[in-house]
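Derivation of every value follows stated rules applied to the coordinates shown; laboratory data play no part. Since this is a predicted model, take the numbers as computed values, not measurements. Because the Cβ atoms are built from the backbone with ideal geometry, glycine has one as well, and the counts that use them run over all protein chains shown.
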Amino acid sequence: MLGEYFHYGLLAALAIALLVAAFTDLRRRQIDNWLNAGIALAAPLFWWSSGLSLWPDVALQFGVAIGAFAVFAGLFALRMMGGGDVKLLTALALWIEPTWFLRLLIMMALVGGVLTLVMGAWHVMRRQKHKLAIPYGVAISCAGLWVLGTHYLPEAAGSTGLLG
């Protein structure tokens, strides 16, 4: 029982970290390194509380994170993504199961598209001349919170009877 509380406490901490990332990216167009590092460094605690085995579970998480970093670092090099976004997605890849990480990326793209349209319209309506900067950490955080709510929260509700 105490292990369950620890497990869901870690998920709650991740949710709070995602909210902080979205807020700081919206406000300053920056996701702090200490936040990304904290998310990444807490992943082994989450693996332990989830009962993941070193092989193949943890190895698969590392593989997905390395692959995500390689792809998104390439997009960063092409100036299509910010460095904080790359680090946040890589840290999230350490937490989220591979199939759900793919769903996170799809949801991130959808939310990011809507965010771009809304901010673009606002930019045009205000007749601003400077380049539009999209705080993509907001889309990443929304997608991460969606995954936590749809994949991890039902486990909590089913196992403790919170929602049923």
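Structural remarks
- Projecting the Cα atoms of Gln61, Leu75, Ala13 onto the dipole axis of the stretch 2-160, where Lys and Arg carry +1 and Asp and Glu carry -1 at the beta carbon, places Leu75 farthest toward the positive end.
- Neighbourhood net charge (15 Å Cβ-Cβ; Lys/Arg +1, Asp/Glu -1) for Met108: 0
- With the highest mean first, a sort of the peptides 140-153, 96-109 on other beta-carbon atoms found within 10 angstrom per residue produces 140-153, 96-109.
- The peptide list 37-43, 49-55, put in order of mean Cβ contacts within 10 Å with the highest first, becomes 37-43, 49-55.
- For the pair Arg127 and Val20, the difference between a 0.36 nm per residue extended length and the Cα-Cα distance amounts to 35.6 nm.
- Summing Cβ point charges (Lys, Arg +1; Asp, Glu -1) relative to the Cα centre of the stretch 45-141 gives a dipole of roughly 680 debye.
- Entry for Kirkwood radius over Cα pairs in Å (calculated from the structure that is shown) out of (1) 17.8; (2) 16.7; (3) 16.1: (2)
- Charged side chains reduced to their Cβ positions (Lys and Arg at +1, Asp and Glu at -1) give the chain a dipole of some 1060 debye around its Cα centre.
- Gain in span if fully extended, Asp57 to Trp34, counting 0.36 nm per residue against the direct Cα distance: 5.7 nm
- Along the axis of the charge dipole computed for the chain (Cβ charges of +1 for Lys and Arg, -1 for Asp and Glu, origin at the Cα centre), the listed residues Leu117, Gly51, Gln128 are led at the positive end by Gln128.
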